[in-house]
Structures are given as C-alpha cells and as structure tokens.
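Contents: one structure, followed by commentary.
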Amino acid sequence: MQVEELLKPFPIKEFHPFPPAMMGPGAHEMVGPKALELGFRKTLVMTSGLRGSGIVDKIVGSLRYHGLEAVVYDKVESNPKDYNVMDAVALYQENRCDSFVSIGGGSSHDACKGARVSVAHDGRNVNEFEGFNKSETPKNPPHIAISTTAGTGSETSWAYVITDTTTDPGNPHKYVAFDEPCVVSLAIDDPVLYYDLPIDYTAQCGFDVLAHASEPYVSRLNFQPSLGSALHAIKLTAQNLRQAVWNGQDLPGREGMMYAQYIAAQAFNSGGLGIIHSISHAVSAFYDTHHGLNNAIALPRVWAFNMPVAYDRFADIAEAMGIDTAGMTRPRAADAALAAAVRLLRDVGIPEKFTDVTKDSYSKNRLGAGPTKFYENSPVIKGDKDDVDRITRHVLGDACTPGNAKECTFETVRPVVEHSMNGDLDDLLS
C-alpha cells in the first residue's frame with residue numbers, strides 16, 4: 001500500500017511491527033549470548049568504523065568469545081550509498097555468513113537493512129527495493145542492531161534510507177524504502193555507548209529525534225496509536241538534550257535521549273513523517289551533509305509552515321517542551337513551541353541555516369568530499385535559485401512528503417526551502 005493510498009479517506013491504517021529490544025547501561029554486553037540464541041554462527045558486522053572508540057572491537061570480541069565467527073565491513077559512509085550496501089552483500093556471500101550485526105547510527109543500520117534485503121533476494125541491487133513493500137520474500141537473515149547514537153530510530157523502524165549513486169550526477173537521488181521484513185531481529189540501546197559521541201553529533205542526532213517525534217504528532221495520517229509516544233519523546237528531548245550535549249558523561253541525560261529516540265521511532269514507524277525529513281533527504285542527496293543537522297535546520301521552518309493547519313497540536317508540543325501555556329490562545333501557544341525549538345537549537349550550537357554549514361559537516365565518501373561529487377566548483381552549499389529549485393523538486397518526490405500536515409506543492413514548499421537555505425530564524429519569531 002502506497003502512502004498516497006493511506007491518505008485517502010479510508011478507515012484502515014497500518015500498524016507496523018517493532019523488534020524486541022534490550023535497553024539500558026550494559027545492554028551491549030549481551031550481544032554474544034543473544035546472537036547465540038538467534039542462531040548466529042558466522043556474522044557480518046557492519047559499521048562506519050567508529051575508529052578510536054574501541055566499541056567495534058568490544059562487540060566483535062564478545063561475539064568471538066561466545067564461539068561465533070565475525071567478518072567486519074567498516075566502510076559504511078554517512079548517508080549510506082548503494083555501493084556500501086552491495087560491497088557488504090558481496091563480503092557476506094563470499095564468506096558464507098548467516099547473520100548481521102550493525103554498530104553505529106542510522107547509516108550503519110540502514111545499510112545493513114538494505115544488505116539483508118539484497119541477500120534475501122540473491123544479491124539483487126538494493127536500489128530495486130525503493131518504495132513500499134518491494135520484498136518478494138518475507139524472511140531476511142537475522143540482524144542485531146546496536147546503536148551508538150541517540151537519534152536514528154532505525155533499529156526500531158521498518159524503513160531504511162539509501163543514496164542511489166547511479167543517477168544523473170546533476171540530479172542525485174536519496175530514497176526511503178519501507179519493508180516489514182527489514183525490521184531487525186533485536187535492537188540494543190545502551191547509553192554508555194553514547195559517551196564518546198562528539199558534541200555536534202549529539203546535538204544533531206537530538207534534533208533528528210525531535211523531528212521523528214513532532215512530524216507524526218502533526219501528520220495528516222493522524223494515527224492515534226502514535227500520538228502519545230510522539231508527545232512523550234518531545235518531552236524527553238526537551239528535558240535531556242542540553243545535558244547530553246554539554247555533559248556527555250551524564251548518564252541520566254544520555255539515558256533520557258536513548259528512550260526519546262526509541263519512543264520517537266515507534267511514533268513515526270506507523271504515524272508517518274513529513275517535509276522536515278524530505279528536505280533533509282534532498283540536501284544530503286546533493287551535499288552529503290549530516291541527516292540530523294539537516295533536520296535541525298529545516299525543523300523550525302517546517303513547523304512554521306505547518307502551524308496554520310495544526311495550531312492545537314503545536315500547542316500540545318509547547319506544553320511538552322515545558323512551556324507554561326496557561327492563559328495563552330492555542331495559536332499563541334503554538335508560536336511558543338516554535339520559539340522553544342529555536343532556543344533549543346541555539347542552546348546546543350547548531351547552525352541556523354544551510355549556508356552557515358561549514359566544510360567540516362560534509363561527509364567524506366569515495367566519490368569525493370561533499371558536493372564535489374556533483375558540483376566541481378562548489379565546495380559548500382550555494383543556496384542560490386538553482387539550488388533551491390532542485391532541492392524543492394527532490395522534496396516533492398520524497399516518500400515522506402505525503403504525510404506532511406499541510407499540502408505541498410512546488411509553489412508552497414519552495415519558500416520553506418529558500419528560508420532554510422538563507423533565512424534568519426528571528427524572522428519566524430517576529
């Protein structure tokens with residue numbers, strides 16, 4: 001069933017499955033015994049490398065201590081590429097593995113989910129599975145996903161996001177695939193593994209959580225089972241993100257964000273997303289910038305765009321973010337939610353528009369650093385007319401867009417993209 005069909009006046013909506021999970025300090029130490037329980041014998045470990053942290057060595061050591069063989073693929077890139085997935089598939093098949101472990105954030109988990117789908121279909125290219133329920137077999141190899149960031153939710157959801165590098169370099173394509181067989185066999189969330197996450201990534205991943213929670217809460221899908229978890233994840237993020245960013249060894253802050261990311265993913269898993277994510281996917285398709293960073297920059301603009309059709313829901317968000325809305329009208333309370341989001345963004349030190357993003361935020365990939373893959377003479381985001389137009393076109397083709405609270409056309413979305421590129425956040429608050 002396509003998203004467009006779900007949005008028609010139709011009484012049946014889908015509730016998608018969650019995986020079993022182990023959560024809390026020390027949970028990662030259970031990977032070896034849990035892998036044995038799931039029947040692992042020879043597993044492919046997929047990760048970005050996490051060099052210097054010792055986390056990969058610790059996980060692989062646990063697997064081997066329990067008598068399992070482990071083959072490591074540590075070349076997953078940020079905004080995982082189709083070639084990352086297919087290289088892992090080749091390594092899996094060459095070594096006759098029977099299972100997967102992914103370690104990291106959304107990039108590692110998404111690439112691994114794509115690899116599992118490909119392996120289950122005899123190594124077919126992962127790009128063939130873009131869209132909804134394209135799997136032709138219900139059973140993928142077993143998969144344990146171990147998160148080292150509080151942001152992704154990929155260890156919880158039925159979705160994975162891949163950059164298709166086979167498209168025209170002037171029109172790159174990043175897509176979302178939704179497939180219930182890709183849901184992991186076991187999710188492991190351990191806040192101790194977040195301690196080494198740098199300040200900027202902690203902040204950016206936290207705004208990924210806020211996007212994951214707020215979009216289903218205002219989505220036109222209006223999926224009732226998602227609303228409570230969405231609102232609670234917003235509350236947890238407002239309460240814990242600042243502490244997690246600026247005191248990374250603080251267990252309550254890290255644990256609060258662990259629960260926030262997991263609960264937010266449960267919300268969007270069936271409640272849908274919107275154009276915060278569509279804009280993020282588009283910008284990273286062209287520029288390979290961090291997904292959480294993109295979400296953070298887009299979020300205030302999309303909230304302002306959606307507010308006229310969802311004042312009541314945004315007023316609820318204000319209360320969840322700790323705003324005393326007593327005596328406020330619902331529109332004024334909604335405005336207070338937007339102000340709270342901007343304050344949080346500034347408090348955790350995130351750039352306020354895309355043209356403020358520095359070279360340090362561009363990923364390093366085998367096709368070149370950042371946008372050199374597509375633009376020979378553009379080391380950073382341009383934000384000019386052509387840039388805004390192509391980003392807007394990509395947004396309109398994104399699978400998350402139909403769930404957005406407010407109807408999206410080129411004419412209505414382009415100003416949102418333009419402001420995300422070049423606008424002053426204070427303009428939204430005046």
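R0 = 22 Å: FRET efficiency of E37 with E128, Cβ-based, nearest 0.05? List each step's numbers first, then the result.
On the way: r = 32 Å, r/R0 = 1.46.
With R0 = 22 Å, the Cβ-Cβ based efficiency is 0.10.
Could you calculate the contour length gain from D196 to T358, that is, 0.36 nm times the residue separation minus the distance between their Cα atoms, to one decimal place in nm?
Values: separation 162, 0.36 × 162 = 58.32 nm, distance 2.22 nm.
Stretched fully, the D196-T358 segment lengthens by 56.1 nm.
How high is the relative contact order of the chain, in percent, with contacts defined as C-alpha pairs under 8 Å that are six or more residues apart?
On the way: 912 pairs, mean separation 66.1, N = 430.
RCO, the chain: 15 percent.
Which listed residue (A339, T412, P17) has the Cα farthest towards the positive end of the charge dipole for the chain, taking +1 on Lys and Arg C-beta and -1 on Asp and Glu C-beta about the Cα centre?
Result: P17, furthest along the dipole toward the positive end.
Where does segment 40-99 land on Rg(C-alpha)/(2.2 N^0.38 Å)?
Details: Rg = 11.8 Å, N = 60, 2.2 N^0.38 = 10.4 Å.
Working it through for segment 40-99, the quotient is 1.13.
Can you give the translational diffusion coefficient of segment 283-323 in µm²/s, computed by Stokes-Einstein from the Kirkwood radius over Cα pairs at 20 °C and 1.002 mPa s? Walk me through the intermediate numbers first.
Numbers: Rh = 11.7 Å.
Taking Rh from Cα pairs, D becomes 183 µm²/s.
Quick check on the chain: helices-only [θ] at 222 nm, where DSSP H runs of length 4 and up contribute -39,500 (n - 2.57) each and the sum goes over total residues. Nearest 500, please.
-15000 deg cm²/dmol
So what is the diffusion coefficient of the chain in µm² per second by Stokes-Einstein at 10 °C and 1.306 mPa s, using a Kirkwood Rh over Cα pairs?
On the way: Rh = 21.4 Å.
Result for D is 74 µm²/s.
For segment 124-181, take N as its residue count and report Rg(C-alpha) divided by 2.2 N^0.38 Å. Present the calculation step by step, with values, prior to reporting the outcome.
On the way: Rg = 13.2 Å, N = 58, 2.2 N^0.38 = 10.3 Å.
In units of the globular-protein estimate, segment 124-181 measures up at 1.28.
7 Å from Cα along Cα→Cβ at both A21 and E407: what's the point-to-point distance in nm?
Label-label distance for A21 and E407, simple model: 3.6 nm.
Taking the chain as a Gaussian network, Cα atoms linked when under 10 Å apart, which of N404, N125, N295 shows the biggest mean-square fluctuation?
Largest GNM mean-square fluctuation: N125.
Given charges of +1 on the Cβ of Lys and Arg and -1 on the Cβ of Asp and Glu, with all other atoms neutral, how large is the dipole of segment 76-171 about its Cα centre, in debye to the nearest 20? If you can, show how the numbers build up before the last one.
Details: 7 positive and 13 negative charges, 60 e Å.
Approximately 280 debye in magnitude.
R330 to K58: FRET efficiency via 1/(1 + (r/R0)^6), r the Cβ-Cβ distance, R0 51 Å, to the nearest 0.05?
Numbers: r = 49 Å, r/R0 = 0.97.
Result of the calculation: an efficiency of 0.55.
To the nearest Å, what is the center-to-center distance of segment 245-318 and segment 320-334, using C-alpha atoms only?
Computed from Cα coordinates, the inter-centre distance equals 20 Å.
Under Stokes-Einstein, with the Kirkwood radius over Cα pairs standing in for Rh, what whole-number D in µm²/s applies to segment 274-342 at 37 °C and 0.692 mPa s?
261 µm²/s
Given the chain, what percent of its DSSP beta bridges are antiparallel, to the nearest 5?
In the chain, DSSP labels about 25 percent of beta bridges as antiparallel.
Past 31 Å, Cα to Cα: identify those pairs from K113/K385; K42/K235; K235/K385; K58/K81, in the order given. The partial results should precede the final answer.
Values: K113/K385 36 Å; K42/K235 41 Å; K235/K385 37 Å; K58/K81 26 Å.
Going by Cα-Cα distance, K113/K385; K42/K235; K235/K385 fall outside the 31 Å limit.
Between T137 and D384, what length comes free when the chain is fully extended (0.36 nm per residue of separation minus the Cα-Cα distance, one decimal in nm)? Kindly include the intermediate steps, with their values, before the conclusion.
Details: separation 247, 0.36 × 247 = 88.92 nm, distance 4.48 nm.
So the chain would gain 84.4 nm between T137 and D384.
Just to confirm my numbers, what's the Cα centroid distance between segment 24-86 and segment 161-217 in Å?
The distance from the Cα centre of segment 24-86 to that of segment 161-217 comes to 18 Å.
Tell me which aspartates and glutamates have Cα within less than 12 Å of K382's Cα, excluding those fewer than 8 residues away on the same chain?
Excluding near neighbours in sequence, the set is D356, E418.
Can you tell me how much longer the chain between E29 and H66 gets when fully stretched, taken as 0.36 nm per residue apart minus their C-alpha distance, in nm with one decimal?
Working: separation 37, 0.36 × 37 = 13.32 nm, distance 1.15 nm.
Contour length minus the Cα-Cα distance gives 12.2 nm.
At q = 0.10, 0.18, 0.20 Å⁻¹, work out log10 I(q)/I(0) for segment 209-338 with the Debye formula, treating every Cα as an identical point scatterer and leaving solvent out; two decimals please.
Results for segment 209-338 at q = 0.10, 0.18, 0.20 Å⁻¹ read -0.31, -0.99, -1.18.
State the dimensionless ratio Rg/Rh of segment 63-180 (Rg: radius of gyration of Cα atoms; Rh: Kirkwood radius). Present the calculation step by step, with values, prior to reporting the outcome.
On the way: Rg = 13.7 Å, Rh = 14.4 Å.
Rg divided by Rh gives 0.95.
Averaged over all directions, how much area does the convex hull of the C-alpha atoms of segment 137-236 cover when projected, in nm²? Spell out each step's value before the answer.
Working: hull surface 36.5 nm².
Mean orientational projected area (segment 137-236, Cα hull): 9.1 nm².
Assign unit charges at the C-beta atoms only (+1 for Lys and Arg, -1 for Asp and Glu), then state the dipole size of the chain relative to its Cα centre in Debye, rounded to the nearest 20.
Working: 38 positive and 53 negative charges, 78 e Å.
The calculated dipole for the chain is roughly 380 debye.
Read-outs: derived from the displayed coordinates by stated rules, not from any lab. Quantities reported herein were computed from a predicted structural model and do not represent experimental measurements. Here the Cβ is made from the backbone with ideal geometry for all residues, glycine too, and neighbour counts use every protein chain on show.
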